Amino acid sequence: MSTPSTNDSLHSDEFLKSGEFFLKAGKPCTKIGKLMQGVMRGFVYDQDGEEVTTHFYQEGDMIVSSYMPNVNISMNIQALEDCELSVADYSKVMSQVNKDPQITEIINREFSKLNKQMQSRLVSLLNLSSAEKYTLFLNDYPGLLNRIPHYYIAQYLGITPTQLSRVRKQLSQQM
């Protein structure tokens with residue numbers, strides 16, 4: 001997250017290898033980041049202990065798992081590629097909201113974006129066909145199709161990898 005030079009000390013660089021975690025479920029959300037390079041995913045475990053991908057993060061996205069700092073989180077955030085992040089202490093950043101107009105604007109914009117993505121995902125899971133979900137994914141995450149394993153995309157869409165393959169084939173034939 002870019003902030004005024006007076007707040008540069010809030011930030012540090014963090015590097016994650018593919019497969020490493022930025023945040024883990026059950027632990028407090030103590031840091032917030034901006035993804036500078038790489039792709040990450042958010043996921044939870046369902047009642048059967050299976051992973052369910054809930055979100056993808058790409059360059060420029062804010063990485064956080066809770067709207068409130070130091071609250072135990074339910075979502076894991078994992079690197080799908082080697083990643084570079086600009087990271088800050090979540091409590092310190094939030095203490096600057098309403099004091100620093102630039103930080104306030106960034107947090108408001110990014111939380112609004114995250115909220116919109118969550119609402120779009122809920123609506124798609126409840127109301128859309130597999131083809132419509134896939135099309136929405138392509139619109140919401142342009143450029144990520146070939147950077148994310150397709151089984152994670154299928155998890156995210158709430159369909160099987162076989163259904164995803166069929167949908168991709170159908171849509172490619174329509175073009």
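No lab work stands behind these numbers, since they all come straight from the coordinates. Every value quoted in this text rests on a predicted model; they were computed, and no experiment measured them. Every residue, glycine among them, receives a Cβ derived from its backbone with ideal geometry; neighbour counts consider all protein chains shown.
Summary of computed values
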item	result
Pairwise centroid distance, computed over Cα atoms, of region 152-175 with region 107-133, Å	18 Å
26 Å Cα-Cα threshold exceeded, pairs from Lys31/Lys99; Lys24/Lys113; Lys17/Lys116	Lys17/Lys116
Helix-only CD estimate at 222 nm, as mean residue ellipticity for the chain, using -39500 (n - 2.57) per DSSP H run (n ≥ 4)	-12000 deg cm²/dmol
Aspartates and glutamates with Cα under 15 Å of Lys92, excluding same-chain neighbours fewer than 8 positions away	Asp8, Asp100
Label-to-label distance, nm, for residues given as Thr30 and Ser91 (7 Å Cα→Cβ offset)	0.9 nm
Ordering of 107-120, 16-29 by packing [mean C-beta count within 10 Å, highest first]	16-29, 107-120
Segment Phe111-Glu51, extension gain: residue separation times 0.36 nm, minus the distance between their alpha carbons	19.1 nm
Relative contact order [Cα under 8 Å, 6+ residues apart], the chain, whole percent	25 percent
Estimated Rh, the chain: Kirkwood, alpha-carbon pairs, angstrom	17.1 Å
Simple spin-label estimate for Gln102 and Lys169 in nanometres, 7 Å along Cα-Cβ	5.3 nm
Label-point separation in nm, Asn72 to Val123, each point 7 Å along Cα→Cβ	3.4 nm
